[in-house]
Amino acid sequence: MIEGSAKSPVCHFRGRSEHALDAKGRLNIATRFREALRRQGDERLMVTPWHNCLRVYPLLHWETLEMTLLAQGQKRPETVKLIRYMIGGAEECLLDRQGRILLPAQLREDCGIRRDTVVSGMITYFEIWDKETWEANNKPTGEDFQVFAQVLQDVGLF
């Protein structure tokens, strides 16, 4: 069964919250995200840089992603560069007893993440953004809402 299909268990990350990194670079993971990981039965996370943010995947989903990229890499040479960036830059981050993960300094630097962050659920993964970068890049405009309506209509939800 393919992870993410309607019948397979999926770790759903929903919602958005703001958090501040502590002096050591640890980030508190929202309780609802930790509960989603517990329901899946594995709290291990893989963190990878992605343009202006970090993407955080549950390990089970990450392993599926790796195998899919490996298979595609042999068919499409441009996938190799993606693998070098995404897989090569990934770090496993474990939740501590307080529900925090330590974000490695290099990953924070790669994505310009300073102290104040926005954590945004993306259904099967979540993103960690520097708050200023989030605000500059993700506040929707009126035009965006027209596109959103079209997307929902195209997939039969609107």
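Scanning region 46-63 for residues that are out of contact with any Ser or Thr (no Cβ under 7 Å at 6 or more places or on another chain) and under 13 Å from Cys11 (Cα atoms), which turns out surrounded by the fewest Cβ atoms within 10 Å (Cβ to Cβ)? For region 46-63, the residue satisfying everything is Leu59.
In this structure, is Thr133 under 24 Å from Arg16 (Cβ atoms), of a type in the set (Ser, Thr, Tyr) and touching a Lys or Arg at 6+ places or on another chain (Cβ under 9 Å)? It is false that Thr133 is under 24 Å from Arg16 (Cβ atoms), of a type in the set (Ser, Thr, Tyr) and touching a Lys or Arg at 6+ places or on another chain (Cβ under 9 Å).
Got a sec? Which of Gln72, Gln153, Gln146 is without any contact (Cβ under 8 Å) to a residue 24 or more places away in the chain and surrounded by 14 or more Cβ atoms within 10 Å (Cβ to Cβ)?
On the way: Gln153 fails: surrounded by 14 or more Cβ atoms within 10 Å (Cβ to Cβ); Gln146 fails: surrounded by 14 or more Cβ atoms within 10 Å (Cβ to Cβ).
Residue meeting the stated conditions: Gln72.
Selection over region 7-50 of residues that are free of Cβ contacts under 8 Å to residues at least 12 places away in the same chain and either in a helix (DSSP H, G or I) or in contact with a His (Cβ under 7 Å, 6 or more places away or on another chain) (or both) gives a count of 2.
Of all residues in region 51-91, those satisfying the criterion of being part of a strand (DSSP E or B) and of a type in the set (D, E, K, R) are Arg55, Glu91. Taking (1) modelled with pLDDT under 95; (2) outside any helix (DSSP H, G or I); (3) not hydrophobic (A, V, I, L, M, F, W, C) in turn, Gln146 satisfies each apart from (2).
Against the list (1) over 24 Å from Ala30 (Cα atoms); (2) without any contact (Cβ under 8 Å) to a residue 24 or more places away in the chain, the condition Ile87 fails is (2).
The values are calculated or read from the model by the stated rules, or taken from the named source; none is laboratory data. All figures in this text were calculated on a predicted structure; none of them were measured in a lab. With ideal geometry, Cβ positions are generated from the backbone for all residues, glycine too; neighbour counts draw on all protein chains shown.
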